[in-house]
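Notes to accompany the following structure.
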C-alpha cells in the first residue's frame, strides 16, 4: 500500500482541509502527518499516524529545520509528499525527487501591509515554481502562480444528510444569523455596524447574530466593546472557537449563515470553507460581494451584499421586509457537489494516483 505524507506547520486537526484529506485518503492508502505541536488538544483519526514536532525556543526557522529533519528520517517510507505551502517549504525538494512532491497552495498573503504581501507572494511564486506538482484551492489562484502544472482542488464540506434541513424564515420574529470562522482580518466590525443600522431604520432589531470563532490578541474583546457602544450587545453573542457537537448545534439552530470576507485584491482568489459548510446543513447564506462568493453563490442559495456595513444592513432589511426565495433543493445539490468526499475523489486522488503511476 502506498504511503502519503502530509506536512504542515499547523497542528493536525485545526486546519479543516488537511483533516479531511487525511481522513478520506486513509481509505485508499497509508497516511502519515508531520506537523508542529502547538500545544493544543491532540485530535486523532484512527487510521492516520501523526508525528508531532516540538517547537524550538530559538524560533520558527529552527521549527522548520526540526520538521524537515523529522520527515527526512522517514523518507524511505514515503511515496508521495504533500506539502501545505509555508515559507521555506521548497527546502524539501533538496531531499525528495520533484516528481514525488506536491505543493499545496491555499492562499496568497493576506497581510495588511502591501509591501509585505508583495514580498511574501513573490517568494511563494518562486518556491512553487521549483515544484513539478501543484494543487491550488481555486482556478483564480492557480492562474496567479508561475507554474503550469497546477491541479485545482477546491474547498468542500461534510454533507450530513441526517442533519440537512430546510429553513423557513418567513414569519419569524427573530431571525438567527450565524458567522463561523476567524475574527482576524475579516472585518467583523462590518456585521456589528450593520446591525446597528438596521436598528436605526426599524426602531428594533429582528436579528440575533452568533459569532463562533477566535482571533488574535484582544480582537474578541474589542468586538464585544463595540457591540455595547453601538447598543446592539443584546443581539450579538461572541462564542469563541467552537467545534464538534457544539458547532453542529449552532448550524442546526440558525436560519442564515453569514460569509463575511472583505472585498480586497488579496482575498479575490480565496474561497471560504464556511460557505459550503452552511449549505451542508441547509443554511442559505448572506454573503459579502467579493469574487469567490460571486462565483459560488447563486439565486436561491444566498444573497450577496456590498462588503460594507450599509450593504450588510440593506441585505438584512430586504430579508426582513420582502423575504427571500431560497431554493433548498438547490442548496442540497450544492452541498453534495462540494462535499469533501466528492472533491477529494474527483480532484485530489487522481493527482496523487498520477504521481504513483509515474
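The values are calculated or read from the model by the stated rules, or taken from the named source; none is laboratory data. All figures in this text were calculated on a predicted structure; none of them were measured in a lab. Note that each Cβ is placed from the backbone with ideal geometry, even for glycine, and that neighbours are counted across all protein chains shown.
Points worth noting:
- Answer residue from region 56-82, given it is touching a helix residue (DSSP H, G or I) at 6+ places or on another chain (Cβ under 9 Å) and under 21 Å from residue 26 (Cβ atoms) and is surrounded by the fewest Cβ atoms within 10 Å (Cβ to Cβ) among those: 79
- Some residue of region 247-255 being without any contact (Cβ under 8 Å) to a residue 12 or more places away in the chain and either under 30 Å from residue 334 (Cα atoms) or crowded, with 17+ Cβ neighbours inside 10 Å (or both): yes
- When region 159-193 is filtered for residues that are in a loop (DSSP other than H, G, I, E, B) and at pLDDT 80 or above, the ones remaining, listed by number, are 172, 173, 174, 181, 182, 183, 184, 185, 186, 187, 188.
- Test: residue in region 338-357 that is buried (at least 22 other Cβ atoms within 10 Å of the Cβ), touching a helix residue (DSSP H, G or I) at 6+ places or on another chain (Cβ under 9 Å) and under 19 Å from residue 176 (Cα atoms): no
- Unique match (being over 23 Å from residue 207 (Cα atoms), touching a strand residue (DSSP E or B) at 6+ places or on another chain (Cβ under 9 Å) and in contact (Cβ under 8 Å) with a residue 24 or more places away in the chain) among 307, 351, 315: 351
- Answer from 223, 230, 238, 283 - the residue that is modelled with pLDDT under 95 and either surrounded by 16 or more Cβ atoms within 10 Å (Cβ to Cβ) or within 25 Å of residue 153 (Cβ to Cβ) (or both): 283
- There is no residue in region 69-85 that is out of contact with any strand residue (DSSP E or B) (no Cβ under 8 Å at 6 or more places or on another chain), assigned by TED's automatic domain parsing to the domain that holds residue 121, in contact (Cβ under 8 Å) with a residue 24 or more places away in the chain and under 25 Å from residue 150 (Cβ atoms).
- Restricting region 118-141 to residues that are closer than 30 Å to residue 282 by Cα and at pLDDT below 95 leaves a set whose member that is nearest to the chain's Cα centre (by Cα) is 137.
- Within region 26-55, the only residue that satisfies the criterion of being touching a helix residue (DSSP H, G or I) at 6+ places or on another chain (Cβ under 7 Å), buried (at least 17 other Cβ atoms within 10 Å of the Cβ) and under 14 Å from residue 2 (Cβ atoms) is 31.
- Scanning region 1-25 for residues that are assigned to a loop (DSSP other than H, G, I, E, B), farther than 18 Å from residue 63 by Cα and touching a helix residue (DSSP H, G or I) at 6+ places or on another chain (Cβ under 8 Å) gives 2, 13.
- Scanning region 243-253 for residues that are modelled with pLDDT under 90 and either part of a loop (DSSP other than H, G, I, E, B) or in contact with a strand residue (DSSP E or B) (Cβ under 9 Å, 6 or more places away or on another chain) (or both) yields a total of 1.
- Region 168-188, residues that are free of Cβ contacts under 8 Å to residues at least 40 places away in the same chain and either buried (at least 16 other Cβ atoms within 10 Å of the Cβ) or closer than 24 Å to residue 266 by Cα (or both): 182, 184
- Residues located in region 254-296, provided they are out of contact with any strand residue (DSSP E or B) (no Cβ under 6 Å at 6 or more places or on another chain), part of a helix (DSSP H, G or I) and more than 21 Å from residue 317 (Cα to Cα): 265, 266, 267, 273, 279, 291, 292, 295, 296
- Single residue of region 98-139 satisfying the filter (assigned to a loop (DSSP other than H, G, I, E, B) and touching a strand residue (DSSP E or B) at 6+ places or on another chain (Cβ under 9 Å)) that is surrounded by the fewest Cβ atoms within 10 Å (Cβ to Cβ): 130
- Hey, residue 358 more than 30 Å from residue 78 (Cα to Cα) and not assigned by TED's automatic domain parsing to the domain that holds residue 144 or not: no
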